[in-house]
Amino acid sequence: MSGTVVLCGSLGSTSAMWAPQLPALQGRRVVKIEHPGHGGAPVTDVQTVADLAARVLAEAGADTFSFVGLSLGGAVGMRLALDAPDRIEKLVLACTAARFGEPDAWHERAATVREHGPAAIADAVLARWFSPGFGDVGEYRGMFLSVDPEGYARCCEALARWDVRDELAGIAAPTLVIAASEDPSTPAPVVEAVAAAIPGARLEVLTNAAHLVNVERPAEFNRLLEEHL
């Protein structure tokens, strides 16, 4: 494989979540995106997913690239494919949604994290990231607790404003959509609706995995990645 691949992950994660995918991307130039306040990235004035997408265009360092996004990262990928179609070669959307629930819930989460820090919701988040059968989550707890509260809150507020249900038919990039059977954050039917709305999209549902499906089912995820890219 050759060319540039941009990896963009979940709210509350750092680019370290993509470690299981790096062996499958050997030979490619890989750009790992950190959301504002995540993975040491500065907290910037981000209000919408379009703002996050603009950061990716600036950081990609290539005229065109393939994009792999999970959850919030998937929303960023949809926005890129709609707003900068000439930059996107191929698109992979995992455990993501055209709308992530009700805005009030995101505003409440932002307020909680601003006041009490990410530790206040860490247990709830980790229970959504991984199925009960997954092993030690200590590494991922540390990842989540490392996130800047204000950066996290601003990304929550961007998700509160996110709704592209009426726009997805405009995505032209070849798209692979991956769902996880035990994902409580973006249940398989929600992810399937994304695939159904994007012309020609391929849908795959991986079993025995929750939200961070790339971590729980790396071999299967990587096989799909290699086939699509």
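The values are calculated or read from the model by the stated rules, or taken from the named source; none is laboratory data. Since the structure is predicted, the reported quantities are computational estimates derived from the model, not experimental observations. Backbone-built Cβ (ideal geometry, glycine too); neighbour counts: all protein chains shown. All accessible areas refer to the heavy atoms of the entire protein, side chains included, with ligands and DNA or RNA removed. Shrake-Rupley method; radii C 1.70, N 1.55, O 1.52, S 1.80 Å.
Quick notes on this one:
- Selection from the stretch 162-186 of residues that are within 16 Å of the chain's Cα centre (by Cα) and surrounded by fewer than 16 Cβ atoms within 10 Å (Cβ to Cβ): Asp163, Pro184
- Tallying residues that are assigned to a loop (DSSP other than H, G, I, E, B), within 16 Å of Ser185 (Cα to Cα) and open to solvent by 60 Å² or more (accessible area, probe 1.4 Å) within the stretch 125-156 yields 1.
- Ala81 farther than 20 Å from Val215 by Cα and within 15 Å of the chain's Cα centre (by Cα): yes
- Residue among Arg29, Arg55, Arg79 that alone is in contact with a Ser or Thr (Cβ under 7 Å, 6 or more places away or on another chain) and not aliphatic (A, V, I, L, M): Arg29
- Residue in the stretch 3-18 that is among the β-branched types (Val, Ile, Thr) and within 17 Å of Trp129 (Cα to Cα) present: yes
- Qualifying residues in the stretch 36-64 (those that are charged (D, E, K, R) and under 22 Å from Ala16 (Cβ atoms)) - the one nearest to the chain's Cα centre (by Cα): Arg55
- Counting only strands (runs of 3 or more DSSP E) wholly contained in the stretch 6-99, the ones carrying 3 or more residues that are in contact with a helix residue (DSSP H, G or I) (Cβ under 7 Å, 6 or more places away or on another chain), open to solvent by less than 30 Å² (accessible area, probe 1.4 Å) and at pLDDT 95 or above occupy 65-70, 88-94.
- Subset of the stretch 192-221 (residues that are open to solvent by less than 20 Å² (accessible area, probe 1.4 Å), closer than 20 Å to Trp18 by Cα and either at pLDDT below 95 or assigned to a helix (DSSP H, G or I) (or both)): Val213, Asn214, Val215, Phe221
- Figure legend. Inter-residue proximity from the stretch 212-229: first residues free of Cβ contacts under 8 Å to residues at least 40 places away in the same chain and under 14 Å from Ala179 (Cα atoms), second residues open to solvent by 10 Å² or more (accessible area, probe 1.4 Å) and aliphatic (A, V, I, L, M), beta-carbon distance below 6 Å, spacing 6+ or different chains. Indicated pairs: Arg217/Leu206; Glu220/Leu206.
- Tally of residues being of a type in the set (A, V, I, L, M), in contact with an Asp or Glu (Cβ under 9 Å, 6 or more places away or on another chain) and farther than 17 Å from Met78 by Cβ across the stretch 43-60: 1
- Residue that is farthest from the chain's Cα centre (by Cα), among those in the stretch 100-121 that are free of Cβ contacts under 8 Å to residues at least 24 places away in the same chain and not in a helix (DSSP H, G or I): Glu102
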